[in-house]
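Everything below concerns the one structure shown next.
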Amino acid sequence: FELRVDGERVPVEPQVFEVLTFMVEQRGRLVARTEILDTIWGDRFVSDAALASRIAAARAAIGDDGKTQRYIRTVHGRGLQFVGDVAVAVEPHEHVEPVDEEPVDTGDGLHQTIRFVTAPDGHRLAVAATGAGRPLVKAATWLTPVEHDWRSPVWHHWLTELGRRFHFVRYDARGSGLSDRDLSGSDMTDPDLWADDLDAVIDATTSEPVVLLGVSQGAVPAIVTALRRPERVSHLVLFGSYSEGMRLRGPQASAESDTLLQLIRAGWGGSNPAFRTVFTMNFMPSATSEQMRVFNDLQINSADAANALELEAAFHEVDVGALAGGVEVPTLVMHCRDDRATPYEQGRRLAASIPDAEFVTIESENHVLTADEPGWPAFLDHLDRFTSS
């Protein structure tokens with residue numbers, strides 16, 4: 001979220017930055033003024049003069065003006081068009097060839113590498129790995145972009161602690177992060193599609209059985225993979241998980257589902273952080289102000305508004321309850337007692353549906369465990385004990 005000109009940081013107001021970013025993303029395409037207003041301001045009323053001032057400020061920030069129009073061109077009566085040359089380091093909206101990135105130091109003596117793996121339908125998935133030793137693969141979860149989460153106070157302790165214990169592998173779900181963003185032709189309500197992506201990551205990681213970690217909706221592909229490929233899974237660990245989506249849990253939960261989806265429609269990616277803070281408070285009610293700020297930013301970096309809506313809606317519709325009874329691999333289910341995002345009862349019911357699954361209660365109200373709460377070392381202790389058997 002910085003604008004630099006000739007290497008120097010140029011301060012711009014948030015809305016000006018959003019307008020400029022949107023125009024660059026839509027480069028080469030004529031964009032109607034109404035589309036800019038709808039994208040940046042949503043349902044809020046904004047005058048034509050206010051939009052004109054933001055466009056003028058965006059031009060000024062990059063050394064352009066309404067006369068020369070070297071970068072932002074006005075097509076009178078029709079709209080605006082970004083006409084400057086654009087070079088993209090990584091374009092998540094298109095298929096990319098497999099690449100090796102330079103290892104990224106987490107600051108704890110561990111390094112992260114990001115590569116791309118191809119799913120059966122040709123979709124490219126960004127896969128991150130850190131640590132060495134026995135493989136632990138985490139099924140893709142929402143709001144965990146691999147490019148950004150390694151340096152965030154929300155996820156850093158997860159990456160370092162799991163990286164010390166395992167060859168820890170995770171990936172961006174299709175439609176988010178550095179994975180291909182185009183969801184056309186992808187039925188995100190199909191658990192088999194999620195499992196196909198997970199299987200591709202496992203096969204690209206190792207030939208030996210893996211410890212499979214399913215957090216939140218990541219339990220869905222984890223359960224399907226453990227069911228259809230038990231020889232590839234040595235241990236199944238589920239945390240903060242569920243087998244049936246929010247819309248399927250009764251009238252109250254269905255109403256909450258409608259509210260969350262409406263919040264995404266109204267404010268995802270906009271300049272008002274209040275919309276995103278609702279999600280943050282749901283995931284980490286006891287987070288610090290810095291953790292909340294970072295988690296707000298992770299939402300923006302995870303997916304655009306259209307994909308966020310499609311992914312979240314799919315999570316609310318999924319149901320693998322009938323499949324869970326067929327899981328035969330050793331399974332540990334952990335759930336925070338006062339989890340607001342996924343109720344405790346969902347974890348208890350999930351554990352009860354899997355034969356011989358062990359159920360552990362973690363004393364916390366967070367859906368994402370923070371580094372400074374007692375529930376975090378408890379989670380690690382139970383993970384160590386379970387995977388050592």
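The values are calculated or read from the model by the stated rules, or taken from the named source; none is laboratory data. Being a predicted model, the structure only gives us computed values, none of them experimental. Note that we place each Cβ from the backbone using ideal geometry, even for glycine, and neighbour counts take in every protein chain shown. Just so you know, the surface numbers come from the protein's heavy atoms only, side chains and all, with ligands and any DNA or RNA stripped out. Shrake-Rupley method; radii C 1.70, N 1.55, O 1.52, S 1.80 Å.
The set of residues from the range 324-378 being of a type in the set (D, E) and more than 17 Å from Q217 (Cβ to Cβ) comprises E328, D338, D356, E358, E363, E365, D372, E373.
Residues of the range 108-142 being small (G, A, S), open to solvent by 10 Å² or more (accessible area, probe 1.4 Å) and over 15 Å from the mean Cα position of the chain (by Cα), which ones? Result: G109, G122, A129, G131, A132, G133. When the helices (runs of 4 or more DSSP H) confined to the range 293-380 are screened for residues that are in contact with a helix residue (DSSP H, G or I) (Cβ under 7 Å, 6 or more places away or on another chain) and either under 23 Å from T144 (Cβ atoms) or open to solvent by 60 Å² or more (accessible area, probe 1.4 Å) (or both), those reaching at least 3 such residues are found at 305-317. Among the residues of the range 15-23, is any open to solvent by 40 Å² or more (accessible area, probe 1.4 Å) and farther than 26 Å from A303 by Cβ? The answer is no, given that none of the residues of the range 15-23 is open to solvent by 40 Å² or more (accessible area, probe 1.4 Å) and farther than 26 Å from A303 by Cβ. Restricting the range 272-292 to residues that are small (G, A, S) and either modelled with pLDDT of 80 or more or buried (at least 17 other Cβ atoms within 10 Å of the Cβ) (or both), the residue that is farthest from the chain's Cα centre (by Cα) is S286. When the range 33-47 is limited to residues that are part of a loop (DSSP other than H, G, I, E, B) and either out of contact with any Leu (no Cβ under 8 Å at 6 or more places or on another chain) or open to solvent by 90 Å² or more (accessible area, probe 1.4 Å) (or both), the one that is farthest from R265 (Cα to Cα) turns out to be S47. Of the listed requirements (1) surrounded by 13 or more Cβ atoms within 10 Å (Cβ to Cβ); (2) closer than 30 Å to R293 by Cβ; (3) modelled with pLDDT of 85 or more, R9 misses just one: (1). Candidates in the range 143-197 are the residues that are small (G, A, S) and within 13 Å of L311 (Cβ to Cβ); of these, the one that is farthest from the chain's Cα centre (by Cα) is S186. When the range 143-159 is filtered for residues that are open to solvent by less than 10 Å² (accessible area, probe 1.4 Å) and in contact with a Leu (Cβ under 6 Å, 6 or more places away or on another chain), only L143 remains.
Being without any contact (Cβ under 8 Å) to a residue 24 or more places away in the chain, more than 22 Å from the chain's Cα centre (by Cα), more than 25 Å from H335 (Cα to Cα) and not in a strand (DSSP E or B) is a property that E208 lacks. Of the candidates G185, G177, the single residue that is on the phi > 0 side of the Ramachandran plot and surrounded by 22 or more Cβ atoms within 10 Å (Cβ to Cβ) is G177.
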